1. Please work out the FRET efficiency for the pair Arg174 and Glu242, using the Cβ-Cβ distance as r and a Förster radius of 45 Å; give the result to the nearest 0.05.
2. Only residues of segment 150-192 count here: report those whose backbone N is under 16 Å from the spot 7 Å along Cα→Cβ of Ser109, or say none.
3. Where is the GNM fluctuation largest for the chain (alpha-carbon springs, 10 angstrom cutoff): Glu19, Glu242, Glu83?
4. Could I have the simple spin-label model distance between Val229 and Ile55, label points 7 Å from Cα toward Cβ, reported in nm to one decimal?
5. Take Thr179, Thr92 and order them by how many other Cβ atoms sit within 10 Å, fewest up front.
6. Excluding same-chain pairs closer than 8 in sequence, count the lysine pairs in the chain whose Cα atoms lie under 18 Å apart.
7. Karplus couplings for segment 209-217 from phi (6.51 cos²θ - 1.76 cosθ + 1.60, θ = phi - 60°), rounded to Hz, Gly and Pro as x?
8. When Met149, Met115 are ordered from fewest to most other Cβ atoms inside 10 Å of their Cβ, what list results?
Amino acid sequence: MSDAAVEIEYLRKRYGRFEALGGVSLTVPKGSVFGLLGPNGAGKSTLVKSLLTIIRPTECRGTLLGAPIGDRKTLRRVGYLPEQARFPEYLTGRQVISYSGQLTGVSNSEIKSRMDGLLSLVGMQGWADKAVSTYSKGMRQRIGLAQAMINTPDLIFLDEPTDGVDPEGRIDIRRMIDTMKAAGQTVFVNSHLLSEVEQVADYVAILARGQVIRSAPMSELTRGGQRYVIRSSGPVPPFVREKLEQNGIKVAGDTVTLETDNVSTVQPVIDALRTANVLIREIREEKPSLEDIFLEAVKGQGREAA
Ligand SMILES: Nc1ncnc2c1ncn2[C@@H]1O[C@H](COP(=O)(O)OP(=O)(O)O)[C@@H](O)[C@H]1O
Ligand SMILES: [Mg+2]
């Protein structure tokens, strides 16, 4: 049996003649925060909806929480915040959460006992008995998150959770994702926003035009390409500069750049600068951002396609 929360061996989805997902495989480790990243139209929502049997995949092999994808009983242990979630406007937030609990087979007494904790987690205690029609976009997302959690799911899918949410709300949503992870829940986040995923995910897969083009632990994705940047308070004197450049170290004005992940190789450079009475203002460790990696990956894919 698979120890993964999600194990997609092969997933293909066609809408008519258009292939939205072309033979995707993906593994989501249990207890992780997994970010599925990709531009709009990449197929992220299609992938999640296929796993949840909201749409019918063309071909699908794999497991969800160890059971074959599509297993009804297993879906009760799954939470889902749909993309641009819409709830009936006349329901109150509390009713939306309650209704979702009933759909996933949570008893009324359990719904009642979990309600206050959930409302406070998503910061909606004061609004729970007002109608959805009075909610802002951010408040709708908060209630959407709460209804996704009412069945204390082992696995939770959040499709673009911060879409249309203000910066403060985004921070709150990140905090909620951390809380879910701390509770041992596996969180699968779809996003077209690199910075969002970068801040929460342990694992990232990049999806473009229905294909997974990279999939790796976050730490591995951003490893390599690391460097140290030293900045002095004025231009590096020519004689020091020459010496550094002879050793393959880049110098531009007041900035010295070493392409390495080994901090000990930086020390002799600091010594050389200090010996020459150069005042050091800053030493910085730089890693490539997910954005750099994403652009690189998508670019590579574009070339292949061409
Ligand atoms: N019901 C549908 N019928 C036809 N094409 C669709 C349908 N839903 C999505 N698509 C197309 O499939 C592709 C992937 O869509 P989607 O999964 O929503 O992407 P993402 O969530 O990554 O933005 C897009 O090109 C989209 O236009
Ligand atoms: Mg989508």
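1. Numbers: r = 47 Å, r/R0 = 1.05.
Efficiency, from the Cβ-Cβ distance: 0.45.
2. none
3. Glu242
4. Going by the 7 Å Cα→Cβ label model, 4.1 nm.
5. Exposure proxy ranking, most exposed first: Thr179, Thr92.
6. Numbers: Lys13/Lys44; Lys13/Lys49; Lys30/Lys181; Lys49/Lys73; Lys112/Lys130; Lys250/Lys287.
Qualifying lysine pairs in the chain: 6.
7. 6, x, 10, 7, 9, 8, 8, 6, x
8. Values: Met149 25, Met115 18.
Ranked by crowding around the Cβ, least crowded first: Met115, Met149.
FYI, it's all coordinate maths here, none of it is from the lab. Note that the structure is predicted; figures quoted are calculated from it, not measured. Here Cβ is always computed from backbone atoms with ideal geometry, including for glycine, and neighbour counts include all displayed protein chains.
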